[in-house]
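Trainee: Before we start, here is the structure in question, set down as structure tokens.
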Amino acid sequence: MQSPSVVDFLYTPSHPLNTKNLNKRVILDMIRFSTNGVSRADLARQMDLTRAAITTIVNDLIEADLVRETETDLDTASSGGRRPIHLEINPQHSKILGVDMAVTHLSLLLADFSAHVISDVELPFDIKNNPQECLQEVDRQARRLLERAGLTFQDIIAAAVAVPGPVVNSFGGVSAPPIMPGWDGIPIRDILSAQWNIPVVIGNDADFGALGEWAYGAGRGEQNLAYIKVGSGIGAGLLLDGHIYVGSTGCAGEIGHTTIQENGPVCSCGSQGCLEALAGGNAIAQRAKEAVRAGKRTLLSNISPSAGITARDVAEAARLGDLVAQQIITSAGSYLGIAIASLVNVFNPSLVVVGGGVAQVGDLLLNPVRQTVHERSLRPAAQALRISTAVLGRRSTGIGSVVQAINLALDQLTER
Ligand SMILES: [Zn+2]
């Protein structure tokens, strides 16, 4: 039987699971990610196991406080007045911390065990600062978030941290991402795990975005999707045949560094004409500054030079109808479309989700993306494709972190 989950993508159990534990793990995922609830009969049917086998495993899970029964309001007439008993993850089992460490902001989410966010916070952040200082800030803000909820790290079973670069799992850090100077070789996972005394997993921000949108957003039920994170950097998370694909050294999906213009602007990676140098948040802000300097009529000229124009300002001005800002966003959308068309021709996904800060402007960015992808990708690939904004908005990566931290906790709980 093929596992319906993406649990194996960043974490390998320390020893092979026996069949019963593997079935437990699969059942837990079927319960977690079902949209309309799942009964013991559904599980027996979908897993091709006997009711007795399912009952034994489910009883174990209920005894371990991982799963609980719930009565549904659905279908009471056809079942003769008896409400079908569905199974759900016990949200009170334990708490989860998800962290999205982005280039210019830091988001922390405190969630229950069914991935519902209890409270969250987003703050300005500069990943180009000294890594030790950045990790101290993450630690400080995490403790503050827990304290506000009356909790400590003893209440947290696992945490996941998203970073904007290729992740090397052997040491739990990043490998030379151009946008994170100074972070090469820093064991982020082990530093935080030691400070918090809990298991921590780290992952790429676009991969976690894909996971979040697949689990609870625009990509539910999809087997082949790409999540494109458009922020200061641009990255893609690839879910292929139901599994997150990270490549041989974690660099899969670094779409921001594909060449769009042979002799285009210099990119943070040292190359020229990369997608990121044309359509990333910094490039968008740069184009806006040039327009103001050239004396164009735009709302952006009201922003004081000391505050500095950001991509978010450009998106906001575009939403308010500012033509100069709209033109900058449209041109970024066309560049994105060129790169996404190539990705569509290579991977043939059924869904591309565009997320990240810049994507919050919606169709102003998405329409030129759709048009360019339509023009430049093969017809059978384009016909099978939907391009949508992230349902989870700015939180795709943060929710994906929560999902992956729960994956880690469940892997460890079912290994015992
Ligand atoms: Zn580049």
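The values are calculated or read from the model by the stated rules, or taken from the named source; none is laboratory data. Since this is a predicted model, take the numbers as computed values, not measurements. Cβ sites come from the backbone with ideal geometry, for glycine too, and all protein chains shown count toward neighbours.
Trainee: Does Glu222 satisfy being within 15 Å of the ligand (Cβ to nearest atom), among the charged types (D, E, K, R) and either in a loop (DSSP other than H, G, I, E, B) or touching a Cys at 6+ places or on another chain (Cβ under 9 Å) (or both)?
Mentor: no
Trainee: List, please: which pairs have Cβ atoms under 7 Å, are six or more places apart or on different chains, and start with a residue in the stretch 288-304 that is farther than 12 Å from Val314 by Cα and end with one that is among the acidic types (Asp, Glu) and assigned to a helix (DSSP H, G or I)?
Mentor: none
Trainee: Kindly provide the set of residues from the stretch 376-390 that are out of contact with any Phe, Trp or Tyr (no Cβ under 8 Å at 6 or more places or on another chain) and under 18 Å from Gly219 (Cβ atoms), ordered by number.
Mentor: Ala381, Ala384, Leu385, Arg386, Ile387, Ser388, Thr389 - these are the residues of the stretch 376-390 that are out of contact with any Phe, Trp or Tyr (no Cβ under 8 Å at 6 or more places or on another chain) and under 18 Å from Gly219 (Cβ atoms).
Trainee: Does the stretch 258-273 contain any residue that is surrounded by fewer than 17 Cβ atoms within 10 Å (Cβ to Cβ) and charged (D, E, K, R)?
Mentor: Yes, the stretch 258-273 contains a residue that is surrounded by fewer than 17 Cβ atoms within 10 Å (Cβ to Cβ) and charged (D, E, K, R).
Trainee: Please enumerate the residues belonging to the stretch 128-148 that are hydrophobic (A, V, I, L, M, F, W, C) and either loosely packed, with under 13 Cβ neighbours inside 10 Å or at pLDDT below 95 (or both).
Mentor: none
Trainee: Further question: Among the helices (runs of 4 or more DSSP H) lying completely within the stretch 235-351, list those that include at least 3 residues that are within 16 Å of the ligand (Cβ to nearest atom).
Mentor: 275-279, 281-293, 323-347
Trainee: Is it true that some residue in the stretch 165-188 is surrounded by 18 or more Cβ atoms within 10 Å (Cβ to Cβ), farther than 30 Å from Ser271 by Cα and of a type outside the set (Phe, Trp, Tyr)?
Mentor: The answer is no; no qualifying residue exists.
Trainee: Every residue in the stretch 48-70 that is part of a helix (DSSP H, G or I), closer than 20 Å to Asn407 by Cα and in contact with a helix residue (DSSP H, G or I) (Cβ under 8 Å, 6 or more places away or on another chain), please.
Mentor: Hits for the stretch 48-70 are Ile57, Val58, Asp60, Leu61.
Trainee: Would a scan of the stretch 165-174 turn up a residue that is touching a residue at least 24 places away in the same chain (Cβ under 8 Å), under 16 Å from the mean Cα position of the chain (by Cα) and under 23 Å from Thr310 (Cβ atoms)?
Mentor: Taking every residue of the stretch 165-174 in turn, at least one turns out to be touching a residue at least 24 places away in the same chain (Cβ under 8 Å), under 16 Å from the mean Cα position of the chain (by Cα) and under 23 Å from Thr310 (Cβ atoms).
Trainee: Also: Any residue in the stretch 322-337 that is acidic (Asp, Glu), at negative phi and at pLDDT 95 or above?
Mentor: The answer is yes; a qualifying residue exists.
Trainee: Looking at the stretch 348-381 only, could you name the residues that are surrounded by 19 or more Cβ atoms within 10 Å (Cβ to Cβ) and closer than 12 Å to Ala226 by Cα?
Mentor: Of everything in the stretch 348-381, those that are surrounded by 19 or more Cβ atoms within 10 Å (Cβ to Cβ) and closer than 12 Å to Ala226 by Cα turn out to be Pro349, Leu351, Val352, Val353, Val354, Gly355.
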